[in-house]
Structure formats: C-alpha cells, structure tokens
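K.L.:
One structure is given below, represented as structure tokens, and several questions about it will come after.
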Amino acid sequence: MSAAIKRTSHWIGGQIVASASGQFGTIWNPATGEGQGQVDFASTADVDAAVAAAKAAYPEWRATALSRRAEILFRFRELVDANRQAIAQLVSLEHGKTVADAMGEVARGLENIEFACGIPNLLKGGYSEQASRGVDVYQIRQPLGVVAGITPFNFPAMVPMWMFPNAIGCGNTFVLKPSEKDPSVSLLLAELLKKAGLPDGVFNVIQGDRVAVERLLEHPDIKAISFVGSTPIARSIYEAGTRNGKRVQALGGAKNHMLVLPDADLNMAADAAVSAAFGSAGERCMAISIVVAIDSVADPLIAAIQERMAAIQIGPGQTPGMDMGPLITKVHRDKVASYLADPEGATVVVDGREHPAAQGEGFFLGTSLMDHVKPGMRCYDDEIFGPVLGIVRVQTYQGALAIINANPYANGTAIFTRDGGVARQFQFDVEVGMVGINVPIPVPVSYYSFGGWKGSLFGDLHMYGPEGVQFYTRGKVVTSRWPDPATSSVNLGFPQSR
C-alpha cells in the first residue's frame, strides 16, 4: 500500500467524521490484489452519534413540505446524472466491475430517485365524505422516524438508492451502513445530497463491520431496517430486528433458473444466458446461475454458450474494452473456484481457473460452464455468486417446473420460448417472486417493487417502488365530524354508519 493511504470515514450530521475506535479494514483493488485504502470501522459510540444526528434532524424534516422534499430529490437526481462517470469509476475501482457495468448500475439507481421525486403524489391518501351523517373518514401515511439500510458489496451505488430516496422522500431520516469492501461511493452520494440541499442529519453513513450492524439492530431509535445480502445473514437480520421491535425487510440470496424450451430462439437464449450469468462476474442476486434445458436442445445450446464465452474479454474493470472484471476478494475468488475443483459428478465444460487472467495478479477467475448439474450437488444447491453457469438437463416442462419450484430460493426466474400459452402457464405456475419471459434478468422497473419469495425474502414487503413507500410509512385513519349542536346527543351504543 502506498505511503499516502486513502482513508474512508463516516458521514454524520452533514460532514465527514473520523472514527475514534481505532479499528479499520483494508479497501482492496480487486484487479491488482493490492490494498488501496483503509475504511474506519465504527464503534457503538459512532453508531449512536449517527442515530442521534438522524433523530435530531427528524422533527424538522418530517415537517418539511412535500414540494420541498421533491425539489431536493430532483436536484439530487440531476447531480447524480451529472456525476455518473465519477460514481461509476469509483465503483469500478473498489468493486472491480467494468466501468460500463458500473454505469448501468448508476442508471438503475437513478430510476429509483426519479420514482421518489413523485413523492407528493405517492403519499396521497384516500378520503370518504359522509361515511356517516356529517362524518368524514380519510387515511394518511406518515413516516416512521429514523430508519437504516445495510447494503452489500455488489451494488454499492444502486442498492442504497433502492432505499434512501423513498425513505427520505417519505419524511424519514436515514442511516446507511454500506459494505466495508467498497465503501467510498457512499460518501460521494452523501456529498451530492448535501449539495442538493438536504439538511444535515437527514442522511448519515456509518462504515464498519458486525459491530455497527448489531448496534443498528438493537438501537431503540431505529424504527426500520432494510437489508440486502446472503440468505443466512438476511434471516439473522430479520430475526434480530423484529425481536427488537423493528420493521424489517431483508432480501437474501438466490439460485435463479432460466428454462429453455425446444421452440426457443437458441441464439437469443445463449446471448441471454451468457449476459445474465457473467455480467458483474456473476456477483449479483439476479444472475442466472442455472440453465434448465429440455434435453433435446441442451447440446446445441451449450455449444452456442461456449462460443460466446470464448469472446468475453476479462481484465481490470478500468481498462477499456473489458467485459468482465475480477471478483471482490481473494477469499471469495478461491471459494468460487472450489466448485470447479470438486464438481461432484457434474462435467466441467469450461474451467475458469485455466483462463490467462486467472494466472496473474488480482482476484480474477474466468467464465466457467458445468454440465449435468443436479440438485444435491454443491454447485446446484449453493449460491455460488461468481461466474459459474450450470446446466440442468430435463425431459419435460413439468420436470423443469418441479425443479424450479423445489428450490429453497425464489428470487427470479426466466423462460425462453415462442409459445405464448406456455409462457403464460409458466408465470402462473412458478413459485418465484420475479419472472422474465424471454428476459433473462427480470429486475422490475422502479415503479414496481423488487423482491423474491421463500428463502430470498424475509419480511412482508418488497423493496423500492410502491411497496418501498409502504415500508417506510405507516397508515393512520382519521374519522372527523365538525360540531353541530343541533345534531349532538349522548349515545352509549356502538357507533353506527347508517
């Protein structure tokens, strides 16, 4: 690591605040394997300071007019748009993904800011005049207070933007705990929010590890927690948060299947499988990690996938022309490679460990393909979270559906077919939260909501979109009657509406 060490700290009350804990972690450059900075790890006192700043800012922010909140979000949207390249470069440098991939991440985050800009309309309630004689009833949605987001390394810009625009638009104040692996973009977003006119304390960032997470989960002033990460941690976050009386949405892992039927356009299916499996080095919860192929098309489909894999350019994400960068850490790269070392009866068709990029510095692994994968094998059962695509062969549509529905994850799935009736039946039958029809990664647009079923989601509400607004608010019903002495009387019976 160079003598001039970059240090990433917290953002509390509208300014950068160094931690007094003395604990820190290394920010690695995944493309070189070298340390490129240090990130502070928050103490309990640091977390308490961030929550206190958010709590102090809440009363005035909650009272801020909806038009003013929208104005700030519009300004923030323009600033993020103007700084796309800077954000993407920072993401690429710390995460390792290509700049082009990071630009796509920023674009999807922008969509969620744009949705939140409509908060005056999104918070409109209902009104029923004359529910009873002279009585009106209406419902309003009000913010919760101080809320927190715990976000993963794979989308350090986009996933926070799934959370805080809606949260602060609804009138909450926010504490973000980003991944310690690529933390710097969180501070850039904080600076842009301040520049947009967001009052100090409304948005805060706490860097750190488990200490910070545990304090957020137990802090009495945190009213809700949003989380994206692996299923074991999502379950733990949900259980700890709800045990402490908090509202929690915890999005977990995935094992996304793509079903290819004999009538599918195989070129389109092969393009989709390669794009969805190896984009962002497979480090995304919506990656296609399993292709379920009807046996009659498996061989030509595999050949088409192999042909496309050979053309993928792998190298540093900062280098122009690269299609795929390294994995996030050496530990994770080695874990992903272990599935190739011990295929448990599956056939390794393309071994990413043999790729030239995997022989040099950095945390690289080439794209990998495994055939004859079956449930019960580690490469099928585990969320590998890397550039490894498995092929499961089946004889019938019903057999494919049974495999998909039996999987404990249920985040996203896709079907490739020319038959509209079969596609309609699949979306009716499949027990998965997000479905693509000839679309490999069915991430919903910002005005719908994101989230899976079963082991991919803990909590009742999905993330961003309409359910995001619902998560960050609670309903209040008001029944009103203005005094009219001529109609007032004592009545001890149950209130009547007729």
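The values are calculated or read from the model by the stated rules, or taken from the named source; none is laboratory data. All figures in this text were calculated on a predicted structure; none of them were measured in a lab. Note that we place each Cβ from the backbone using ideal geometry, even for glycine, and neighbour counts take in every protein chain shown.
K.L.:
May I ask you to say which residue of Arg75, Arg62 is of a type in the set (Lys, Arg) and within 24 Å of the chain's Cα centre (by Cα)?
P.N.:
One residue alone meets the criteria, Arg75.
K.L.:
Among the numbered conditions (1) at pLDDT 95 or above; (2) more than 30 Å from Thr319 (Cα to Cα); (3) not hydrophobic (A, V, I, L, M, F, W, C), tell me where His95 comes up short.
P.N.:
Unmet for His95, out of (1) at pLDDT 95 or above; (2) more than 30 Å from Thr319 (Cα to Cα); (3) not hydrophobic (A, V, I, L, M, F, W, C): (2).
K.L.:
All but one of (1) surrounded by 15 or more Cβ atoms within 10 Å (Cβ to Cβ); (2) within 20 Å of Ile113 (Cα to Cα); (3) without any contact (Cβ under 8 Å) to a residue 40 or more places away in the chain hold for Asp81; which doesn't?
P.N.:
(1)
K.L.:
Does Ala131 satisfy the criteria of being closer than 23 Å to Asn172 by Cβ, over 23 Å from the mean Cα position of the chain (by Cα) and either in the same structural domain as Val185 (by TED's automatic domain parsing) or not acidic (Asp, Glu) (or both)?
P.N.:
Numbers: closer than 23 Å to Asn172 by Cβ: no; over 23 Å from the mean Cα position of the chain (by Cα): yes; either in the same structural domain as Val185 (by TED's automatic domain parsing) or not acidic (Asp, Glu) (or both): yes.
No.
K.L.:
Residue check, Ala56 against (1) free of Cβ contacts under 8 Å to residues at least 60 places away in the same chain; (2) not in a loop (DSSP other than H, G, I, E, B), all met but one. Which one?
P.N.:
The single condition Ala56 does not satisfy is (1).
K.L.:
Moving on to the next point. Do you know which residues across the stretch 452-474 are part of a loop (DSSP other than H, G, I, E, B) and within 19 Å of Gly241 (Cα to Cα)?
P.N.:
Gly455, Ser456, Gly459, Asp460, Leu461, His462, Tyr472
K.L.:
Still on this structure, I have one more. Only residues that are in contact with a Pro (Cβ under 8 Å, 6 or more places away or on another chain) and aliphatic (A, V, I, L, M): list them for the stretch 402-457, please.
P.N.:
Ile403, Ala406, Ala414, Met434, Val435
K.L.:
Could you list, in sequence order, all residues of the stretch 423-459 that are surrounded by fewer than 18 Cβ atoms within 10 Å (Cβ to Cβ), over 22 Å from Asp381 (Cα atoms) and touching a residue at least 24 places away in the same chain (Cβ under 8 Å)?
P.N.:
Matches in the stretch 423-459: Asn438, Val439, Val443, Val445, Tyr447.
K.L.:
For the stretch 102-157, which fully contained strands (runs of 3 or more DSSP E) count at least 2 residues that are touching a residue at least 40 places away in the same chain (Cβ under 8 Å) and among the polar types (S, T, N, Q)?
P.N.:
Qualifying strands (runs of 3 or more DSSP E): 135-143.
K.L.:
How do the helices (runs of 4 or more DSSP H) wholly within the stretch 297-416 filter down when requiring 1 or more residues that are surrounded by fewer than 19 Cβ atoms within 10 Å (Cβ to Cβ) and either in contact with a helix residue (DSSP H, G or I) (Cβ under 7 Å, 6 or more places away or on another chain) or hydroxyl-bearing (Ser, Thr, Tyr) (or both): which remain?
P.N.:
330-341, 378-381
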